[in-house]
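> Got a structure for you, questions after.
Readers should treat all values here as calculations from the given coordinates under stated rules, not as data from a laboratory. The structure displayed is predicted, hence computed values, not measured ones. Please note: Cβ atoms are built from the backbone with ideal geometry, for glycine as well, and neighbour counts cover all protein chains shown.
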2 protein chains.
Amino acid sequence: MAMMATRQERGERTRGRILEAAAGAFAEGGYAATSLNAIVAASGLTKGAFYHHFDSKEELALAAFRYKQEQLVARSAAAITDAHDAPAALRALLCERAAALREDPASRAVLRLGAEFRALASPDPEFVGFQELAIEMFAELLRRGQDEGTIRRGLDPRATAELLFGAIVGMDDVWHFLGGDDLERRSEELVDLLVEGLAVDAEQRNDTRKERR
Amino acid sequence: MAMMATRQERGERTRGRILEAAAGAFAEGGYAATSLNAIVAASGLTKGAFYHHFDSKEELALAAFRYKQEQLVARSAAAITDAHDAPAALRALLCERAAALREDPASRAVLRLGAEFRALASPDPEFVGFQELAIEMFAELLRRGQDEGTIRRGLDPRATAELLFGAIVGMDDVWHFLGGDDLERRSEELVDLLVEGLAVDAEQRNDTRKERR
DNA sequence: TGACAAATACCGACCAGTCGGTATCGTATG
DNA sequence: CATACGATACCGACTGGTCGGTATTTGTCA
């Protein structure tokens, strides 16, 4: 013990604990059904500590959303850096997002909170921005692929990006509920399906990242 | 109006009004964030009337879920009766579900409630059954298509059905939030993409229901 | 360095308000 | 008249949020 370093560090650590507990609690249960007391209890702290770091439950939720969203985006960005064409990058991105949601239950907070905040009174512009960011990652890849000639033209990249984004959300949602075995393999199978449907050439559909033909 | 016919009819009408109001309220806001008072106010009735017809908020939500789900399934079933092969039926089914969600905001209650109930303490078997039913409609079509030879083999029908189900949910979710123009056309475009990716032959991908070639 | 004061991190009892749910009552219909 | 239906008044539990207080650092000046 006793390694409680500087006061600022300690504060940030506490803030982080709250954020992590909140993300976990929101992920299962959603915003409205999760009480502050539950979050505070899960974090091992108190309401006083909470209101020292955050102004309101809503601000906490936004912060937790942003917190997990940033993790997801960072992981996703890392996953696509070494893909040499758009289909490969798309595949990596889809797999990565699915894996992240599978492995870190708290990640689902961004889904739950995202869905719930849209119905909220405050259309926080920053929140919308984050949502946009995730979708635009897909759209950007699709546009790049269309330029490269590796992704079918004639599809609106933006609309298709929304489909992909939604498909991951939906898949995760269904799987989280239904469970089932070997989600990783099944996930890859379906990512294949999506990517192959998008890739430009049917003849090479069995392997978008190889040079067969 | 004085056309208040028999007492039983009147009761059923009241029950229906509550159900409809509840579905609408749950659709925007979700279960936990929607108060009984709000539902009762929206229906133009009172708490007394509500508790005369339902035992609890949870029972109401289940009933509303079931109510809208039955409507969706009925519409969907009607939409696929005159499709002559599996890809066409899939296309019709996807379009129909997307259209239903687009046109009747209260339909989204089945999505919202579905997502929220999974996290609930009570894993109501009947609810699970309804969820299964919707997914199995897709799975059944896929299996049929694989038998016909019109749908690619090698894909687990069940897993793929979950993807399609999830994709619709996700699309609806994103669109309902982001809005945008001409959702109907964009929706069809993306349905094309999904169905073509599933259909057996790449050469005829531009029109799965025609005999080009 | 030591002591004292200001600032910070945190605590937990508490508040007003809202929730789901109940008990009771009026009323119209059969 | 009896009773199904719906309205009203109300309850205790619990919610998000507040507040006065305490423990621990940090800054400062001898």
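> Taking Cα centroids, how far is segment A:31-87 from segment B:31-107 in Å?
If you average the Cα positions of each part, the centres end up 32 Å apart.
> What angle do you read, to the nearest 10 degrees and between 0 and 90, between the alpha-carbon axis of helix B:183-198 and the longest principal axis of chain B?
For B:183-198 against chain B, the angle is about 50 degrees.
> Report the label-to-label distance for A:E58 and B:E136 in nanometres (one decimal), using points 7 Å from each Cα along the Cα→Cβ vector.
With each label placed 7 Å out from Cα toward Cβ, I get 4.4 nm.
> Using Cα atoms only, what is the angle between the long axis of helix A:7-27 and the major principal axis of chain A, expressed in degrees (0 to 90) to the nearest 10?
Relative to chain A, helix A:7-27 is tipped by roughly 60 degrees.
> State to the nearest 20 debye the size of the charge dipole of segment B:63-109 about its Cα centre, where the only charges are +1 on K and R beta carbons and -1 on D and E beta carbons.
The calculation lands at about 240 debye.
> I need the Kirkwood Rh of segment A:94-199: take the reciprocal of the average 1/r across all distinct C-alpha pairs and report it in angstrom.
For segment A:94-199, inverting the mean 1/r across all distinct Cα pairs yields 14.9 Å.
> Sticking with this structure for a sec: Show me, for segment A:93-105, the HN-Hα J-couplings you get by feeding each phi into the Karplus relation (A = 6.51, B = -1.76, C = 1.60, θ = phi - 60°), rounded to Hz, glycine and proline as x.
Going residue by residue, I get 5, 4, 4, 4, 5, 4, 5, 4, 5, 5, 7, 10, x Hz, with x marking Gly and Pro.
> Turning to a different aspect of this structure: Just going by the charge dipole of the protein assembly as shown, with Lys and Arg at +1 and Asp and Glu at -1 on Cβ, which of A:A78, B:L183, B:L19 is farthest out on the positive end?
Final value for the positive-end residue is B:L19.
> Now for a different question. At most 10 other C-beta atoms within 10 Å and a DSSP loop state: those are the exposed GluC sites (Glu not before Pro) I care about. Give me the longest piece of chain B that has none.
In chain B, the maximal stretch lacking such sites is B:1-202.
> Applying the Karplus parametrisation 6.51 cos²θ - 1.76 cosθ + 1.60 with θ = phi - 60° to the phi angles of segment B:150-156, what ³J(HN,Hα) value in whole Hz is obtained for each residue in order, glycine and proline being reported as x?
My calculation for segment B:150-156 gives 9, 10, 3, 7, x, 9, 5 Hz in order.
> How large is the charge dipole for the protein assembly as shown, taken about the Cα centre, if only the Cβ atoms of Lys, Arg (+1) and Asp, Glu (-1) carry charge, to the nearest 20 debye?
860 debye
> Now for a different question. Using Cα pairs under 8 angstrom and six or more residues apart, how large is the relative contact order of segment B:57-198, in percent?
30 percent
> On to the next question. How many percent of the alpha carbon pairs in the protein assembly as shown exceed a separation of 31 Å?
That tail contains 44 percent of the Cα-Cα pairs.
> Once phi is turned into θ = phi - 60°, what whole-Hz ³J(HN,Hα) does the Karplus curve with 6.51, -1.76 and 1.60 give for every residue of segment A:47-59, x standing for Gly and Pro?
5, x, 4, 4, 6, 6, 9, 10, 8, 7, 4, 5, 4
> Oh, and also: Sequence gap of 8 or more, or different chains, plus Cα separation below 28 Å: how many lysine pairs satisfy both in the protein assembly as shown?
Taking the Cα cut-off of 28 Å, the pair count is 7.
> Which value at 222 nm does chain B reach when only helices count, each DSSP H run of 4 or more adding -39,500 (n - 2.57), with the total divided by all residues and rounded to the nearest 500 deg cm²/dmol?
-23500 deg cm²/dmol
> On to the next question. Compute the angle between helix A:157-178 and the longest alpha-carbon principal axis of chain A, please, reported from 0 to 90 degrees and rounded to the nearest 10.
60 degrees
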